[in-house]
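Report on the structure given below.
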Amino acid sequence: MTLTHPDLDRLFAARQSCRGFAPDPVPRDVIERIVGTARRVPSWCNAQPWQVTLTSGAETDRFRAALRQEAETGTPNPDLPWPTRYAGVYQDRRRACGFQLYDAVGVAKGDRAGSARQMMENFDLFGAPHCAIVSSPADLGPYGAMDCGGFVTAFTLAAQALGVASIAQAAVASYGPFLHRYFDIPDDRLILCGISFGYADPDHPANGFRTARAEVAEIVDWHGDA
Ligand SMILES: Cc1cc2nc3c(=O)[nH]c(=O)nc-3n(C[C@H](O)[C@H](O)[C@H](O)COP(=O)(O)O)c2cc1C
């Protein structure tokens, strides 16, 4: 069978970030197939900087409880600096997807307690039965993180192809020192993000919206005829 561009485009279009999971675990062999596909992405010098700390079952629940506790009492201190600001079109897009989410879950504009409650769902991993913490060697700097970004995207797409829903979460990486301690991840690795994954709860309101994308013409600055 030849894989065609429409097949690939359908896969990309079908993926969305999942913020409401069913509790059912993903079988180990399916997780291995997801990682087995994601590892095919390119990386500078083929360094393949990604390492994944992956929780299942009771270990996910234990982590969820500890992370929630850290989020309620600790101070954010991510290994990777957060964006300094979102301005212009980036701010517009950020606002638009935030409003879509809050609208979907019934949080009214200006309801700060409601939006904070929804934000805290990040630290419950949206109920996912698994979380993959992605880290990169500090020595490889931003390019290591860039390579890992490709891995994260590929993970979510490979998962989608196997009927597994997922969401990349920078929020999970907010508490760097806690995560290093909790999972015994050495300090010479940067913790980049989490990927919570499992089977989607199709009736969960947080899964009931789709984000928009800029048109190709807004993305490409063409030079010469193509
Ligand atoms: C690196 C990265 C970090 C993200 N962090 C979070 C997060 O902490 N919490 C969250 O709800 N969504 C997070 N997202 C999901 C984005 O909000 C989502 O990908 C974007 O709005 C586009 O929507 P879609 O994935 O449904 O197409 C993250 C996505 C990426 C790629």
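Summed over segment 19-50, the residues that are more than 15 Å from Y199 (Cβ to Cβ) and not basic (K, R) give a count of 16. State which residue is farthest from N207 (Cα to Cα) when the search covers only segment 74-98 and only residues that are under 19 Å from the mean Cα position of the chain (by Cα) and in a helix (DSSP H, G or I). Once the filter is applied, the top-ranked residue is Y90.
One line per residue, one yes/no per condition, for (1) more than 8 Å from the ligand (Cβ to nearest atom); (2) modelled with pLDDT of 95 or more; (3) among the β-branched types (V, I, T); (4) touching a Pro at 6+ places or on another chain (Cβ under 6 Å):
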{"position": "Q160", "(1), (2), (3), (4)": "yes, yes, no, no"}
{"position": "A165", "(1), (2), (3), (4)": "yes, yes, no, no"}
{"position": "G176", "(1), (2), (3), (4)": "yes, yes, no, yes"}
{"position": "H180", "(1), (2), (3), (4)": "yes, yes, no, no"}
{"position": "F183", "(1), (2), (3), (4)": "yes, yes, no, no"}
{"position": "I191", "(1), (2), (3), (4)": "yes, yes, yes, no"}
{"position": "F197", "(1), (2), (3), (4)": "yes, yes, no, no"}
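Set side by side, the residues D24, D79 differ, and just one is touching a strand residue (DSSP E or B) at 6+ places or on another chain (Cβ under 8 Å) and surrounded by fewer than 12 Cβ atoms within 10 Å (Cβ to Cβ), which is D24. Here is the figure for segment 99-115: residues that are free of Cβ contacts under 8 Å to residues at least 40 places away in the same chain and either surrounded by 15 or more Cβ atoms within 10 Å (Cβ to Cβ) or part of a helix (DSSP H, G or I) (or both) total 7. Condition check: touching a strand residue (DSSP E or B) at 6+ places or on another chain (Cβ under 8 Å) and either within 24 Å of I185 (Cβ to Cβ) or assigned to a loop (DSSP other than H, G, I, E, B) (or both). Does P42 satisfy that? So P42 does not fit the description; no. Kindly provide the set of residues from segment 85-96 that are loosely packed, with under 14 Cβ neighbours inside 10 Å and either within 23 Å of Q16 (Cβ to Cβ) or within 16 Å of the ligand (Cβ to nearest atom) (or both), ordered by number. Within segment 85-96, Y86, V89, Y90, Q91, D92, R94, R95, A96 qualify. Selection of first residues in segment 145-162 that are over 23 Å from L190 (Cα atoms) and of second residues that are surrounded by 21 or more Cβ atoms within 10 Å (Cβ to Cβ) and among the polar types (S, T, N, Q), restricted to Cβ pairs under 7 Å at least 6 apart or on distinct chains, gives the following pairs, ordered by first then second residue: A159/S166.
Within segment 57-66, is there a residue that is within 16 Å of the ligand (Cβ to nearest atom) and either modelled with pLDDT of 95 or more or within 16 Å of the chain's Cα centre (by Cα) (or both)? For segment 57-66, residues within 16 Å of the ligand (Cβ to nearest atom) and either modelled with pLDDT of 95 or more or within 16 Å of the chain's Cα centre (by Cα) (or both): present.
Rundown of residues vs (1) within 16 Å of the ligand (Cβ to nearest atom); (2) over 19 Å from T153 (Cβ atoms), yes/no style:
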site: G20; (1), (2): yes, yes
site: P27; (1), (2): no, yes
site: V35; (1), (2): no, no
site: S43; (1), (2): no, no
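The values are calculated or read from the model by the stated rules, or taken from the named source; none is laboratory data. What you see is a predicted model, and the numbers here were worked out from it, not measured in a lab. Here the Cβ is made from the backbone with ideal geometry for all residues, glycine too, and neighbour counts use every protein chain on show.
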